[in-house]
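Only one structure is covered here, and it is reproduced in the block below.
The values are calculated or read from the model by the stated rules, or taken from the named source; none is laboratory data. Just so you know, these numbers come straight off a predicted model, no measurement behind them. Neighbour counts run over all protein chains shown; Cβ positions are idealised from the backbone, glycine included. Note: areas computed on protein heavy atoms with side chains; ligands, DNA, RNA excluded. Shrake-Rupley method; radii C 1.70, N 1.55, O 1.52, S 1.80 Å.
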Number of protein chains: 2
Amino acid sequence: MQEIGYKKQVERWDVQEIVLRGKSDKNPFVDYNIFGCFTGKNEKVTVDGFYDGDGIYKVRFMPSFEGEYTFKVAGTFADEGAEGEFAVTPATEGNHGPVRVANTYHFAYEDATPYYSIGTTCYVWALQSDEMIAKTLESLKESAFNKIRFCLFPKHYDYNLTEPRSYPYEGTPMDSSVLTKENFGKYQGASEGNHWDFQRFNTAHFAHIETCILALRDMGIEADLIVMHPYDRWGFSEMTAKQDDLYWEYVLARFSAYRNIWWSLANEYDLFPKKSLADWERYAKMVCEKDPYNHLRSIHNCLQFYDYRRPWITHCSIQRIDLYKSAELVEEWREIYKKPIVLDEIAYEGNIQHGWGNISGKEMTRRFWEAALRGGYPGHGETYMNDKDVLWWSHGGVLRGESHKRFQFLYDILLQTPGIGLCPCEKSPWDEIWAVPEESAQKVKKVKDYYLMYFSFMQPSFKEYYFDDESEFEVNVIDTWNMAIESRGVCKGRFKVELPGRQYMAIQIIKVQ
Amino acid sequence: MQEIGYKKQVERWDVQEIVLRGKSDKNPFVDYNIFGCFTGKNEKVTVDGFYDGDGIYKVRFMPSFEGEYTFKVAGTFADEGAEGEFAVTPATEGNHGPVRVANTYHFAYEDATPYYSIGTTCYVWALQSDEMIAKTLESLKESAFNKIRFCLFPKHYDYNLTEPRSYPYEGTPMDSSVLTKENFGKYQGASEGNHWDFQRFNTAHFAHIETCILALRDMGIEADLIVMHPYDRWGFSEMTAKQDDLYWEYVLARFSAYRNIWWSLANEYDLFPKKSLADWERYAKMVCEKDPYNHLRSIHNCLQFYDYRRPWITHCSIQRIDLYKSAELVEEWREIYKKPIVLDEIAYEGNIQHGWGNISGKEMTRRFWEAALRGGYPGHGETYMNDKDVLWWSHGGVLRGESHKRFQFLYDILLQTPGIGLCPCEKSPWDEIWAVPEESAQKVKKVKDYYLMYFSFMQPSFKEYYFDDESEFEVNVIDTWNMAIESRGVCKGRFKVELPGRQYMAIQIIKVQ
């Protein structure tokens, strides 16, 4: 048996990594294989390992249970395999396991802690300089965000013409000095001047992304990995099926064991000129087969939704299609798809020229409340112009907007929901959003234990309620923009709630038990 | 021949009124008839007259041409008829004739002056005290409104429980002192305590409304008469077919000759519990037969549009059905109905508890611009709470909001449109509204003479345009909320327009000829 590196003790839902030496002749990425089998009292898991360069092979595993585990590693990567054993200790504070779908429309961590997604998008924050990455992490730390969407491949797009810190393959890119804001659109897909070996991964690129995933994990933030995207001048969006499959296998082998990852098969899948639905379904099949932990899986659209009814899709990852209605449609989508509705793009707060990137902080905050109270999960992004063309939506860095400051307030209120998740009340009037706990919606009860009413852009100066003659309710008036909560004491029977006649107000009504 | 009252000389599109004595025994409203035939060089028009009480009968006529006219009056109202002649003089300043549909989607006065409708709603302003009516007229005078919707019958509704100044029939109303904000909904239609003779009109009621129509006319404001509505505690919404027909005949005979009236068959036609589509079609047939001047005709919905494709309907009179999208749908409706789109209710600016009456001044102004630039006509209303429960939407009085102050600015810009009316440009990007002149849309021309771009709630900090290499354009940046216009000089080829990164901005681009 060869000398192997691994931890004798690992925390539940943490990564066990088996490190082995192996063959480095030929092309180890394609010519040799490696896999590991991990056995504990409650599970037996077989996973692919991967080549990490310099003759080093790795196999990663995330244990889902406490207790003793044994493992065996085999494959053509070396003349002999390896085996060993280790102990899985209880999860420590802040480690709740991976996020799962808890009750059709809502998420919870595997330890049953509710997960109310407050997402943001920074497409290539992980491919910026160390300094910028540190800034982004600092911004995230001070924010309420608990999910971030980002790409594994570099991005070629308006405001994104510079070179990434690294490339996923060995080779050399085209000369980017020819690019201008005016001509960049002409360079799409496999442009002239690129020389890549799509059979040899740049292991440093992937290792770096792993440090980013871990940094997020340690802040309690889910890494929603966008595995493919069409904003490309290098040809990564136009590889052959065989090359794609090699990439997917590599990505799955490297990242699956991180508890805080989600799979986003693509951003704007419908903008790839050379992929068919069959391609997406093939990648999905690989993810289902090769990720033994069943991380959340979805795919993000531009002009046309993917069919979110496909069984492999765990949740909708929606880009709004209508310029005016986005969060307002959550109920319709819940009805159609019967899955959690994540609004990963409801336009970005900012002031660039594009209509998807110039809504106000107030409108973004309104869309967040509207989405959350309708039983969905809103996503943020920022596209404010600045001297350095550094926009949060793409590069990360510093948050400049107004909406993000208000998400912790919303999040704290979401945490007060009895059970897991809000849903629209069947008794909602046409001009108010009445959110009630998902679990109470499933029970036929005249009066719910908890209501949250939201008035969106409307500015009523009062509202009147009547539930029954007996129940007593604590009533709070919430100013969602100014982040203030004002108690109105205990109400009973018919009652009137005075409001300030401003936009963005809500009322919280809690039944006294 | 009996002695008759009439004017020897009348202005084109003004009212000629023939006044005659007749029988006052039995019930002159039903037992006798009167009609007049007016003959000029270019037209011969027969109209019904009406009984105006105290043995007086009247026949009204609006001449559409200049020159000599003769008339004959006959009927069972008297033992002998009457005849005479008069001269029609040219229209004086401010008299442009009735409003007509000019070019499928837009209006013009009969003298071809474009009419850009800037409407408001004050349901029963005409049935308030003299003092309140004077206040309303004062407010209208200082406003940009050139159309007002109002009811002929009194109104029973939230914030509208007091007695009107008069009733349309002889009789006595129920005791309104029993009404409260809580119980008024129980009194609907023909409530107990009402005693009306639906065969005897209160002529003073109608004569008073005529003074209001004339006051509006003299300010250049169209009177959009809501002939029936369902907000009723007296039974006026539940009369028999025969009673309805008598009412319609009377209304048509009295009001048709006023050049500034429009017929709105009903407000919220779909809320009448006892009327069928056949009823509305029967009234429509009467209007078409009995109004020889073809005043504009429509009918207003609550939850479901009337079929605006019906040939008698000259324009859509829409209440928005979706809480979020209203003005945004103008293009769709234009496509479907091929008629002018008047958005008579896109929610009201205010702060009452109802979702239809609590949008902000900014949102109302946004909807006005959005509707106008999409080639439709927006309507205003105000529902701000106050000590006296006097709300513009119902009573008129004083305007309290913010949007109305910005309509003259919009109107002045609409007047700059070459030809008659704006329409959406077929080249509009998905995230901008590009309005171009309706007449240029009908010509296949690459570059239009005039563009108006609107960015609605979005806040771009610049926009870039390219039409062709040769054309020169005057470019103005318009702040629709702050009512400021800033010239950006003459641009050519590809050009960039810097914007302040605020909401509610527009750009006007005028081709240098």
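Structure notes:
- So A:Lys339, is it of a type in the set (D, E, K, R), farther than 24 Å from A:Lys427 by Cα and either part of a loop (DSSP other than H, G, I, E, B) or free of Cβ contacts under 8 Å to residues at least 24 places away in the same chain (or both): no
- Qualifying residue in region B:427-442 (condition: surrounded by 21 or more Cβ atoms within 10 Å (Cβ to Cβ), among the aromatic types (Phe, Trp, Tyr) and farther than 27 Å from B:Ala112 by Cβ): no
- B:Phe236 within 23 Å of B:Ile133 (Cα to Cα) and buried (at least 22 other Cβ atoms within 10 Å of the Cβ): no
- Qualifying residue in region B:340-352 (condition: among the charged types (D, E, K, R) and over 30 Å from B:Lys181 (Cβ atoms)): no
- From the options B:Glu281, B:Glu331, B:Glu289, residue that is in a helix (DSSP H, G or I) and closer than 30 Å to B:Glu370 by Cα: B:Glu331
- In the set (1) over 23 Å from B:Lys274 (Cβ atoms); (2) part of a helix (DSSP H, G or I), the condition left unmet by B:Gly185 is number (1).
- Considering region B:324-357, and only residues there that are of a type in the set (Phe, Trp, Tyr) and more than 14 Å from every other protein chain (Cβ to nearest Cβ), the residue that is farthest from A:Val497 (Cα to Cα) turns out to be B:Tyr337.
- Number of the exception - A:Ile321 against (1) under 24 Å from A:Glu432 (Cα atoms); (2) more than 11 Å from chain B (Cβ to nearest Cβ); (3) open to solvent by 20 Å² or more (accessible area, probe 1.4 Å); (4) outside any helix (DSSP H, G or I): (2)
- Residues satisfying the criterion are absent from region A:435-454 (criterion: assigned to a loop (DSSP other than H, G, I, E, B) and within 14 Å of chain B (Cβ to nearest Cβ)).
- Residue tally, condition under 20 Å from B:Ala204 (Cβ atoms) and of a type in the set (D, E, K, R), over region B:30-80: 4
- Of all residues in region A:334-346 being surrounded by fewer than 21 Cβ atoms within 10 Å (Cβ to Cβ) and touching a strand residue (DSSP E or B) at 6+ places or on another chain (Cβ under 7 Å), the one that is farthest from B:Leu329 (Cα to Cα): A:Lys339
Here's the yes/no breakdown for (1) open to solvent by 10 Å² or more (accessible area, probe 1.4 Å); (2) under 15 Å from B:Phe457 (Cβ atoms); (3) away from chain B (no Cβ under 13 Å):
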residue	(1), (2), (3)
A:Ile359	no, yes, no
A:Arg367	no, yes, no
A:Arg374	yes, no, no
A:Pro378	no, no, yes
A:Gly381	no, no, yes
A:Asn386	yes, no, no
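- Scanning region A:199-244 for residues that are part of a helix (DSSP H, G or I) and hydroxyl-bearing (Ser, Thr, Tyr) gives A:Thr203, A:Thr211.
- Per the listing A:Ala74, A:Ala91, A:Ala78, A:Ala126, the residue uniquely under 16 Å from the mean Cα position of the chain (by Cα) and either open to solvent by 50 Å² or more (accessible area, probe 1.4 Å) or of a type in the set (Gly, Ala, Ser) (or both) is A:Ala126.
- Of the residues A:Glu402, A:Glu349, the single one that is crowded, with 24+ Cβ neighbours inside 10 Å and in contact with a helix residue (DSSP H, G or I) (Cβ under 9 Å, 6 or more places away or on another chain) is A:Glu349.
- Looking across region B:362-402, not a single residue is farther than 30 Å from B:His156 by Cβ, in a loop (DSSP other than H, G, I, E, B) and polar (S, T, N, Q).
- Taking the criterion of being away from chain A (no Cβ under 11 Å) and β-branched (Val, Ile, Thr), the residues of region B:463-509 that qualify are B:Val475, B:Val477, B:Ile478, B:Thr480, B:Ile485, B:Val490, B:Ile507, B:Ile509.
- Residues in region B:173-203 that are open to solvent by 60 Å² or more (accessible area, probe 1.4 Å), under 27 Å from B:Asn27 (Cα atoms) and not acidic (Asp, Glu): B:Ala190, B:His195, B:Gln199, B:Arg200.
- Any hit, region A:412-434, residues being within 25 Å of A:Ala126 (Cα to Cα), more than 12 Å from chain B (Cβ to nearest Cβ) and part of a loop (DSSP other than H, G, I, E, B): no
- Some residue of region A:118-140 being at pLDDT below 95 and in contact with a Lys or Arg (Cβ under 9 Å, 6 or more places away or on another chain): no
- Strands (runs of 3 or more DSSP E) (entirely within region A:71-138) containing at least 2 residues that are over 18 Å from A:Ala215 (Cβ atoms): A:82-89, A:99-101, A:107-109
- If you go through region B:147-172 and keep only what is in a loop (DSSP other than H, G, I, E, B), touching a strand residue (DSSP E or B) at 6+ places or on another chain (Cβ under 8 Å) and open to solvent by less than 10 Å² (accessible area, probe 1.4 Å), you end up with B:Leu152, B:Phe153, B:Pro168.
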